[in-house]
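Below is one structure, written out as structure tokens; comments come after it.
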Amino acid sequence: MTIDPDLQGRSYPAGETYSVGREAIRDFARAVKATHPAHYDLDAARALGHRDLVAPPTFAIIVAQRADAQLIADPTAGIDFTRVVHADQRFIHHRPILAGDELVAALHVDQVRAMGGGAMITTRAEISTVDGEPTATTTSSLLVRGEDQ
């Protein structure tokens, strides 16, 4: 199945709420070797003016990938995930992600570009609190290899 070029411009509504927990922040920080005390210690985070632990900047990928999953699971998109190569990821932060946040992400397919036998798909996840406060915008580029690649 080939990638549907009409995916460009498609949007997927915010899905399930992601509850940001302290242990999730600590685990993620350890995994990415983020050493700032505000990722681990509540007093350190509060000393910086935050109400709770601060997630490392790339933590937003957890919520963004949940939004990307809607596109991958959409049978009309024609994406075979076994042929996907993650090409690029960018983050714009509107405010820090904190423990206790309840986040959702709406996904937008900004570009579909044919490349050889495959396609490059650029998506944008708009992450916000359940109350609508913008938190982060992530942009992801996925290369979907063609069947002969």
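How big is the charge dipole of the chain about its Cα centre, in debye rounded to the nearest 20, if each Lys and Arg gets +1 on its Cβ and each Asp and Glu gets -1 on its Cβ?
It works out to roughly 440 debye.
Provide the per residue accessible area, probe 1.4 Å, for the chain, rounded to a whole number of square angstrom.
It amounts to 52 Å² per residue over the chain.
Between the helical axis of 60-73 and the dominant principal axis of the chain, each derived from Cα atoms, what acute angle in degrees is found, rounded to the nearest 10?
That helix lies at roughly 30 degrees to the long axis.
Can you give the local net charge around SER128? Use residues other than it whose beta-carbon is closer than 15 angstrom to its beta-carbon, Lys and Arg +1, Asp and Glu -1.
Once positives and negatives cancel, what remains is -3.
Put +1 on the Cβ of every Lys and Arg and -1 on every Asp and Glu Cβ in the chain; which of VAL20, THR123, GLN8 then has its Cα farthest towards the positive end of the dipole?
VAL20
Rg to Rh for the chain: what is it, with Cα atoms only and Rh by Kirkwood?
1.04
Using the alpha-carbon centroid of each, what span in Å lies between segment 73-149 and segment 19-42?
With segment 73-149 and segment 19-42 each reduced to a Cα centre, they are spaced 23 Å.
Remind me, relative contact order of the chain in percent, using alpha carbon pairs under 8 angstrom and six or more residues apart? Numbers along the way, then the final one.
Numbers: 316 pairs, mean separation 44.1, N = 149.
In percent, rounded to a whole number, it is 30.
If one takes the longest principal axis of the Cα atoms in the chain, at what angle in degrees, from 0 to 90 and to the nearest 10, does the Cα axis of helix 22-31 lie?
Here the helix axis deviates by roughly 60 degrees.
Quick check on segment 30-85: what does the Kirkwood estimate of hydrodynamic radius come out to from the alpha carbon pairs, in Å?
On the way: mean 1/r = 0.0724 Å⁻¹.
Kirkwood hydrodynamic radius for segment 30-85: 13.8 Å.
The values are calculated or read from the model by the stated rules, or taken from the named source; none is laboratory data. Bear in mind the structure is a predicted one, so any value in this text is a computation, not a measurement. Glycine gets a Cβ as well: all are built from the backbone with ideal geometry, and neighbour counts include every protein chain shown. Note: accessible area is taken over every heavy atom of the protein model, side chains too, but ligands, DNA and RNA are not part of it. Shrake-Rupley method; radii C 1.70, N 1.55, O 1.52, S 1.80 Å.
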